[in-house]
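For reference, the structure is listed below as structure tokens.
The values are calculated or read from the model by the stated rules, or taken from the named source; none is laboratory data. Nothing here was measured: the structure is a model prediction, and the numbers come from that model. FYI the Cβ positions are ideal-geometry reconstructions off the backbone, even for glycines, and counts take in every protein chain you see.
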Amino acid sequence: MTRKLAAGNWKMNGTSADLAEVETLLQNLGGVQTDVLICPPATLLHRMSEMASDSILATGGQTCDAKLSGAHTGDLSAEMLKDAGATYVILGHSERRDDHGETSEDIREKARAALASDLTAVVCLGESEAQRDAENTLDIIGGQLAGSIPDDVTADRLVVAYEPIWAIGTGRVPTLEQISEVHDFIRARLIRRFGETTGAQISILYGGSVKPTNASDIFAVPNVDGALVGGASLKAADFIQIINALDAA
Ligand code: PGA
């Protein structure tokens with residue numbers, strides 16, 4: 001059995017005032033069975049973690065450095081995220097791959113650092129529109145999967161997120177068949193690499209324009225164990241609907 005996870009990625013959004021959304025969310029999580037995560041900007045991580053400490057809401061970072069400490073101005077180590085209350089960290093989001101030139105090898109090193117600090121790594125994979133049009137999607141995903149994930153992961157310390165780049169923040173969503181094809185492929189590759197038990201237990205999230213209106217259909221697709229949600233995680237009223245849809249799936 002995989003764990004179901006509704007994960008919010010606030011990206012570079014949110015200041016103190018937005019913690020009111022977390023307050024609202026916390027008031028609406030009673031009875032929710034799925035795991036729930038928000039990855040706020042690092043400036044809010046500690047406060048959000050304190051607010052969520054007696055709840056099922058987990059918090060996480062949006063990236064971390066591969067090094068544990070040292071002369072790296074502006075960067076944050078996995079240990080620092082952990083110290084601020086995080087239990088997860090998103091790694092290899094396409095915006096990091098694009099904006100910061102992160103390679104799959106970089107992401108694997110960061111994932112090693114995350115595991116060493118006892119954080120669960122949410123490793124993101126996704127093809128561009130040109131790659132999909134050229135029918136290279138599975139090759140790209142397979143390559144990113146092989147390159148970005150360390151060999152010594154366990155199912156409770158790794159989550160994989162499939163996020164087609166062209167679906168992020170665009171309102172465009174792949175067909176359910178397209179989501180199914182990629183998620184089945186990821187599952188098969190995880191089983192091939194990590195074995196039947198571990199490979200079957202790693203949660204695979206879909207991300208890219210998940211909204212209250214499409215969440216239930218997406219969660220009904222086999223091998224979709226949850227979602228990585230950007231825009232719709234910023235408002236508690238939207239995110240709770242997505243969480244409830246996952247809970248009911
Ligand atoms: P979106 O972002 O839900 O706003 O499309 C998803 C993501 O980038 O994780």
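Some observations on this one:
- Of all the numbered requirements in (1) surrounded by fewer than 19 Cβ atoms within 10 Å (Cβ to Cβ); (2) within 16 Å of the ligand (Cβ to nearest atom); (3) hydrophobic (A, V, I, L, M, F, W, C), Leu26 misses one, and that requirement is (2).
- Of residues in segment 206-217 being more than 8 Å from the ligand (Cβ to nearest atom) and crowded, with 24+ Cβ neighbours inside 10 Å, the one farthest from the chain's Cα centre (by Cα): Ala215
- Set Ser117, Ser180: member being away from the ligand (no atom under 16 Å from the Cβ), small (Gly, Ala, Ser) and under 28 Å from Ala84 (Cα atoms): Ser117
- If the condition is being touching a residue at least 60 places away in the same chain (Cβ under 8 Å) and among the small types (Gly, Ala, Ser), then segment 156-211 contributes Ala161, Gly169, Ala200, Ser203, Gly207, Gly208.
- Of all residues in segment 142-161 being within 14 Å of the chain's Cα centre (by Cα) and of a type in the set (D, E, K, R), the one that is nearest to Thr87 (Cα to Cα): Arg157
- Going through (1) over 16 Å from Arg157 (Cα atoms); (2) modelled with pLDDT of 95 or more; (3) out of contact with any Lys or Arg (no Cβ under 6 Å at 6 or more places or on another chain); (4) within 15 Å of the ligand (Cβ to nearest atom) one by one, Glu105 falls short only on (4).
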